[in-house]
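Below is one structure, written out as structure tokens; comments come after it.
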Amino acid sequence: MSVLSSAYFHDEEAAFAKLESVIWPEGPVCSHCGGTEKIWSFKPNPEKRIRYGLKKCGQCGKQFTAKVGTVFEHGRVPLHKFLQAVYLLCASKKGCSAKQLERTLEVTYKTAWFMAHRIREAMRSGDLAPFGGGGGAVEVDETFIGREPGVPVKRGAAHKRKVLTLVDRETKRARSVVIDDLKPVTIAPILEANISKDARLMTDEAHHYKRLGKEYASHERVNHGKEEYVRGDVTTNTVEGYFSVFKRGMKGVYQHCAKKHLHRYLAEFDFRYNEREANGVDDRERTDAALRGITGKRLTYRRIDCKIA
């Protein structure tokens, strides 16, 4: 039987039951006051404007559903279609374009595009725990994707958008950020905030890492210019593998991305990389993990052009 044959992908009442089981594993929690006692559920009746999943808190007296206080709040698309979109984005290794969501879910392109960005916001973890604790190896590298807006094309990479990615080899997790340049003064604060001082830093021969590496327990480099890619356990092949999937997704599936939205796509690829089968997570579990990330986040259409601070 297909995964998509599950009732919560087709029935609105079942969709709310699924969402509630994921975000409220120990029972309903009021989205307004955080209360857990004296919460009543209403039987849905769309003809009398009684919404699916509607509840009332006996402590503050306000009504709410599982969508309130999440990226799904005020969504005009039925919840079961939102759950289909979450699954499609989580189960597709290189992503699922808004045009594909438009055709599959039978919604407008504008709706599909906004849905996808809401889901990417849910995927954003905000985890700041440093990589490489206990002397673990952390690979760091940068890649280029697309052109910087308004910058003329010249030799080198000055006219290209830049992405810096860190991969903790022990936990098999990645963390990526958009950067404006490759100057040490730009990269240093990112490494300081995300890498433990007792970590083993592994990079290529790029000069901007030379001084930064002195801040860590060790700094080992491979020289790609001399066709050196592995020396013992010193390599950046893990982070290069991340870039391989990221670029194939951005070029083959999404094809175009404005720089102001690039951080959201990075959150999507980071999430799927961190919640992958190598870390013991299958498609269903990955979808549930994305749903757990919807709480406490909002993304309105007006705000969607703003970067996350």
- [ ] Just flag the trypsin sites (Lys or Arg not before Pro) in region 162-250 sitting in loop per DSSP whose Cβ has no more than 16 other Cβ atoms within 10 Å.
- [x] 172, 197, 210, 211
Open item on the list: Tell me the angle of helix 237-249 to the major Cα principal axis of the chain, expressed in degrees between 0 and 90 and rounded to the nearest ten.
Closed with: 50 degrees
Task: For region 158-228, Kirkwood radius (reciprocal of mean inverse C-alpha pair distance, Å) - done: 13.0 Å
TODO: Using the charge dipole of the chain (Lys, Arg: +1 at Cβ; Asp, Glu: -1 at Cβ; taken about the Cα centre), state which of 151, 280, 68 has its Cα farthest towards the positive end.
DONE: 151
Task: Selected from 167, 68, 138 as most flexible by GNM, with the chain as the system and alpha-carbon contacts under 10 Å - done: 68
- [ ] Give a quick list of GluC sites (Glu not before Pro) in region 89-121 that DSSP marks as loop, anything other than H, G, I, E or B, with at most 10 other Cβ atoms within 10 Å.
- [x] 106
Open item on the list: Give the average over all directions of the projected area of the C-alpha convex hull of region 210-302, one decimal, in nm².
Closed with: 10.1 nm²
Open item on the list: If I fit a long axis through the Cα atoms of helix 79-91 and take the longest principal axis of the Cα atoms of the chain, what angle between them do I get, 0 to 90°, rounded to 10?
Closed with: 20 degrees
TODO: Note the angle between two axes, namely the Cα long axis of helix 262-274 and the longest principal axis of the Cα atoms of the chain, as a number of degrees from 0 to 90, rounded to the nearest 10.
DONE: 90 degrees
Task: Mean projected area (nm²) of the alpha-carbon convex hull when region 89-214 is viewed from all directions - done: 9.9 nm²
TODO: Compute the projected area of the convex hull of the Cα atoms of region 240-281, averaged over all viewing directions, and report it in nm² to one decimal place.
DONE: 3.1 nm²
TODO: Quick one: work out Rg over Rh on the C-alpha atoms of the chain, Rh as Kirkwood radius.
DONE: 1.03
Task: Lys, Arg +1 and Asp, Glu -1 on Cβ, resulting dipole of the chain about Cα centre, debye, nearest 20 - done: 1300 debye
Open item on the list: Using all alpha carbons of region 12-153, what is the percent of pairwise distances in each 5 Å bin, ordered from the shortest bin to the longest?
Closed with: 2, 8, 14, 15, 15, 13, 11, 9, 6, 4, 3, 1, 0
- [ ] Express the relative contact order of region 1-55 as a whole percentage, based on alpha carbon pairs under 8 Å and six or more residues apart in sequence.
- [x] 24 percent
Task: Within the accessible area of region 188-309 (1.4 Å probe), percent carbon and sulfur - done: 49 percent
Open item on the list: Tell me which of 212, 191, 44 sits at the most positive position along the dipole axis of the chain, charges placed on C-beta atoms (Lys, Arg +1; Asp, Glu -1).
Closed with: 44
- [ ] For the chain, give the share of DSSP beta bridges that are antiparallel, in percent and rounded to the nearest 5; count only bridges with both residues there.
- [x] 75 percent
TODO: Using all C-alpha to C-alpha distances in region 59-131, build P(r) with 10 Å bins and read off the rounded percent in each one.
DONE: 17, 46, 24, 12, 2
TODO: Could you pull the Cα extents of region 199-241 along its three principal axes, largest to smallest, in whole Å?
DONE: 26, 19, 18
TODO: Scan around residue 200 for amide H atoms under 5 Å from its own, H built in the peptide plane at 1.01 Å from N, and keep only partners 5 or more places away or cross-chain.
DONE: 136, 137, 138
Task: Relative contact order, percent, the chain [alpha-carbon distance under 8 Å, six or more residues apart] - done: 20 percent
Task: Translational diffusion of region 139-269, µm² s⁻¹ [Kirkwood Rh, Cα pairs; Stokes-Einstein; 25 °C; 0.890 mPa s] - done: 158 µm²/s
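The values are calculated or read from the model by the stated rules, or taken from the named source; none is laboratory data. Please read these numbers as outputs of a predicted model, since none were measured by experiment. Because the Cβ atoms are built from the backbone with ideal geometry, glycine has one as well, and the counts that use them run over all protein chains shown. Only protein heavy atoms, including side chains, enter the accessible area calculation; ligands, DNA and RNA are left aside. Shrake-Rupley method; radii C 1.70, N 1.55, O 1.52, S 1.80 Å.
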